[in-house]
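Chemist: I'd like to ask you about the structure that follows.
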Amino acid sequence: EEVLRLEALRKVYKPGTPLEQEVLHGIDMHLCRGELCALVGPSGSGKSTLLNLIGLLDAPTAGELYLLGRPTRGLQDAARTRLRNEAIGFVFQFHHLIPAFSVLDNVLMPLMIRQGRPAAEHVERARGLLAEVGLEGFAARKASELSGGQQQRVAIARALVTHPALLLADEPTGNLDSRTADAVFELFRRFNARFGCAVLVVTHDPRLAAGCQRQIELVDGRLITYKA
Ligand code: ADP
Ligand code: ADP
C-alpha cells in the first residue's frame, strides 16, 4: 500500500530573480506502508528541501506529490494543513518541545491542535506511547527537566500520537551521543515494525542508515536509489 509517491518533483528557490536556484531536479520515488527508508546525501544536496515538500510544509515548483493516493499540488492551505496533521508525524533534530509544558501535554499537543481538549482515550494513548519510549514515570515533569535523549523520545511519542501513516525525521539523532542515538533510532525501528507506518529519516550517520531496509541518496538535487 503506497503512502507516498513523488513524480518529477522540482523545487526552484527565488524563481525569476538573480538568486534563482533549482535545488531538486525532478525527483521520482515512492514509499509504502511498513518501509523504513534512510535519506542520505552531502550537506546542501537538498535533503531538507525534499523533506519540507514531503511534509507539505512547502510547495513544489513542478511535479506532483501524492500522499495516501491523493494529489496535493492543487490543495488550498486549509486542506493541505488538514492532510498534514492527519497523515504525517515529524521529528526534528532539535525536538521543539514546549519547555514549560509537561511531558504529557507535549505529547498531546498535536491532538489538542486538532480538536481542542483531548478526550480521555487520547490521554491514554499518549501515556501508552510514553511507556513505549521508556518514559512512563515522566508524564508530569516539565519537558525542560529532561535530558536531550529523553526529550527526543518525547518528540517521537508526540509525532506518533495521531497515528500518522508517514513519519518524517530530519537528523533526529544529530544532536545526540552515539549510544543515545542508537537507542533513539531503535524506537523508529520498533514503531515502524509495530504500527506499519512508513518512516523516512534523514541521517548523516552511515551506521544508522545501514540499519534501514532502504537507503536513498540525494546528490546535487537528484536521487540515486540503491536496492537493499
Ligand atoms: P541539505 O538538507 O541536504 O543540506 P537543503 O535542502 O537545506 O540541503 O539546501 C539545498 C540548497 O537549497 C542549498 O544550496 C540551500 O542554500 C538552498 N536553500 C535551502 N532552503 C532555502 C530557502 N528557503 N531559500 C533559498 N534557498 C534555500
Ligand atoms: P487507540 O490508540 O486508537 O485507542 P490502539 O492504540 O489500540 O487504539 O491502536 C489502534 C491501531 O492503531 C492499532 O492497529 C495499532 O497498530 C495502530 N497504532 C497504534 N498506535 C499507533 C501509532 N502511534 N502510530 C501508528 N499506528 C498506531
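The values are calculated or read from the model by the stated rules, or taken from the named source; none is laboratory data. Just so it is clear, the model here is predicted, and its values are computed rather than measured. For neighbour counting, all protein chains shown are included, and Cβ atoms are generated from backbone atoms with ideal geometry for every residue, glycine included.
Chemist: Can you tell me which of (1) within 16 Å of ligand 1 (Cβ to nearest atom); (2) in contact with a strand residue (DSSP E or B) (Cβ under 7 Å, 6 or more places away or on another chain) is the one L166 doesn't meet?
Modeler: So L166 meets the others, but not (1).
Chemist: Next question. Return yes or no: is L31 within 15 Å of ligand 1 (Cβ to nearest atom), within 20 Å of L68 (Cβ to Cβ), modelled with pLDDT of 95 or more and not β-branched (V, I, T)?
Modeler: Judged against the criteria, L31 is not a match.
Chemist: From the residues in the range 179-203 that are β-branched (V, I, T) and in a helix (DSSP H, G or I), which one is nearest to G46 (Cα to Cα)? Please lay out each step first, then the result.
Modeler: Of all residues in the range 179-203, those β-branched (V, I, T) come to 180, 184, 199, 201-203.
Subsequent filtering for residues that are in a helix (DSSP H, G or I) retains 180, 184.
Details: T180: 27, V184: 24 Å.
Result: V184.
Chemist: For the range 1-15, name all the residues that are away from ligand 2 (no atom under 16 Å from the Cβ), modelled with pLDDT of 95 or more and either part of a loop (DSSP other than H, G, I, E, B) or crowded, with 18+ Cβ neighbours inside 10 Å (or both).
Modeler: R5, L6, L9, K11, K14
Chemist: Further question: Which of the residues that make up the range 167-197 are in contact with a Leu (Cβ under 6 Å, 6 or more places away or on another chain) and touching a residue at least 60 places away in the same chain (Cβ under 8 Å)?
Modeler: The answer is L168, D170, N192, C197.
Chemist: When you scan the range 204-214, do you find a residue that is away from ligand 1 (no atom under 16 Å from the Cβ) and among the small types (G, A, S), even just one?
Modeler: The answer is yes, given that some residue of the range 204-214 is away from ligand 1 (no atom under 16 Å from the Cβ) and among the small types (G, A, S).
Chemist: Then there's this: Would you confirm whether any residue within the range 16-23 is out of contact with any Phe, Trp or Tyr (no Cβ under 7 Å at 6 or more places or on another chain) and either within 16 Å of ligand 2 (Cβ to nearest atom) or assigned to a strand (DSSP E or B) (or both)?
Modeler: The answer is yes; a qualifying residue exists.
Chemist: Within the range 34-52, can one find any residue that is farther than 23 Å from R190 by Cβ, in contact with a Ser or Thr (Cβ under 7 Å, 6 or more places away or on another chain) and touching a residue at least 24 places away in the same chain (Cβ under 8 Å)? Break it down stepwise before answering.
Modeler: If we filter the range 34-52 for residues that are farther than 23 Å from R190 by Cβ, which is where we start, we get 41-50, 52.
So of that shortlist, the ones also in contact with a Ser or Thr (Cβ under 7 Å, 6 or more places away or on another chain) come out as none.
No, because not a single residue in the range 34-52 is farther than 23 Å from R190 by Cβ, in contact with a Ser or Thr (Cβ under 7 Å, 6 or more places away or on another chain) and touching a residue at least 24 places away in the same chain (Cβ under 8 Å).
Chemist: Could you give every pair whose Cβ atoms fall below 6 Å, whose first residue belongs to the range 114-142 and is on the phi < 0 side of the Ramachandran plot and surrounded by fewer than 16 Cβ atoms within 10 Å (Cβ to Cβ), and whose second residue is modelled with pLDDT of 95 or more and of a type in the set (V, I, T), counting only separations of at least 6 or pairs across chains?
Modeler: Between residues of the range 114-142 that are on the phi < 0 side of the Ramachandran plot and surrounded by fewer than 16 Cβ atoms within 10 Å (Cβ to Cβ) and residues that are modelled with pLDDT of 95 or more and of a type in the set (V, I, T), the close pairs are R141/V103.
Chemist: In the range 170-187, what count of residues is obtained for those that are among the acidic types (D, E) and either within 16 Å of ligand 1 (Cβ to nearest atom) or crowded, with 20+ Cβ neighbours inside 10 Å (or both)?
Modeler: 2
Chemist: Of the conditions (1) at pLDDT 95 or above; (2) within 12 Å of ligand 2 (Cβ to nearest atom); (3) in a helix (DSSP H, G or I); (4) buried (at least 20 other Cβ atoms within 10 Å of the Cβ), L167 fails just one. Which one is it?
Modeler: (3)
Chemist: Residues that are within 16 Å of ligand 2 (Cβ to nearest atom) and either among the small types (G, A, S) or under 15 Å from the mean Cα position of the chain (by Cα) (or both): which helices (runs of 4 or more DSSP H) entirely in the range 39-148 hold 1 or more of them?
Modeler: Those helices (runs of 4 or more DSSP H) span 77-87, 103-115, 120-132.
Chemist: Residue check, T225 against (1) within 11 Å of ligand 2 (Cβ to nearest atom); (2) part of a strand (DSSP E or B); (3) surrounded by fewer than 21 Cβ atoms within 10 Å (Cβ to Cβ), all met but one. Which one?
Modeler: (1)
Chemist: Residues of the range 188-210 being surrounded by 17 or more Cβ atoms within 10 Å (Cβ to Cβ) and touching a Lys or Arg at 6+ places or on another chain (Cβ under 7 Å), which ones?
Modeler: Within the range 188-210, A198, V202 meet the criteria.
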